[in-house]
Amino acid sequence: MIDASPGTEIVVSDDCSSDGSVEYIKKYFPNVIIVTNTVRQGFAGNINMGVSKATGDIVILINTDVEPEKGYLIPLLSHFRNPDVFAVGCLEKSIENGNMILRGRGIAHWEKGYYIHSRGDTEKRDTAWVSGGSGAFRKSMWDTLGGMDKLYNPFYWEDIDLSYRARKAGWKTVFEQKSIIRHYHEEGKIKREYSPEDVKKIVYRNQYIFILKNLTDPPLILKHLFWAPIRIIQSIYFGNYLHPTGFFSALGRLFPIIRYRLRCVKYRYSDNDLAIWR
């Protein structure tokens, strides 16, 4: 159901869909704002287009494979009373291979020059990132950061990158276990349109883009320069050619990464300050 209470607005950002959903919304929900891309933008570009049309300062992002449970908004929005909060994530009941896995809170740390991230304990409030598919974001801060980076297109790591830059600037990312959504993981566009090999190659590429963009602590940079060749050689030795392919694909985007690093503002925190372990 698409509906909005007074003072809110709904923006649908369509990335070249072909299922008739845009026509359906126009017919039955004429008050919904629709942004239609004529050229596919990928996840980051499409989200940025939708957020650019929003006029409120709190933007809630919901993917097409996500279903919010009743009453999820109030706990989610309550955190924005704190002016330092950039984003708040939801508790995801993720449906994967017929099983339900609780997700939504991320933990992460730097290890051997790589940013290692995983699912965290859902009883805690801090989170290393807020998912771009089910979270609330403060638009003024979003605009200051420049939104999601299209370097990561078509998908993955863009919300981790955005949250990381926000946290490095001194803003907070929070997890709210009372705001519950169901994520039908197997029904998303990625599973339908990309092979597992394509996904893995993109993940490797975007991992290196993240490191090249964001890593600024000299000791961690030296660790990465030491360990990256070892990991790439190990991958080739064991027949995992997707890893080096992803690495060289990331190097192909080196010029926009360098431009970003030259213009980015001085951060409040170092890379080592941002670890969330459990």
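A compact table of results
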{"item": "Choice from I74, I62, I47 with maximal GNM fluctuation in the chain (Cα, 10 Å cutoff)", "result": "I74"}
{"item": "Nearest-20 debye value, the chain charge dipole, Cβ charges on Lys, Arg, Asp, Glu", "result": "860"}
{"item": "By average C-beta atoms within 10 angstrom, highest first, the peptides 118-130, 8-20", "result": "118-130, 8-20"}
{"item": "The range 196-261 - convex hull of the alpha-carbon atoms, volume per residue in Å³", "result": "74"}
{"item": "The range 7-79 and the range 109-156: distance between their alpha carbon centers, rounded to Å", "result": "19"}
{"item": "Interatomic Cα distance distribution for the range 161-278, bins of 10 angstrom, percent", "result": "11, 31, 34, 22, 2"}
{"item": "Dimensions in Å of the chain - Rg and Dmax from alpha carbons", "result": "18.9, 60"}
{"item": "Most mobile listed residue (N99, N37, N46) in the chain, GNM with C-alpha springs under 10 Å", "result": "N99"}
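Coordinate-derived values only; no laboratory data. A quick note: this is a predicted structure, and the numbers were derived from the prediction, not measured. Positions of Cβ are backbone-derived with ideal geometry, glycine not excepted, and every protein chain shown enters the neighbour counts.
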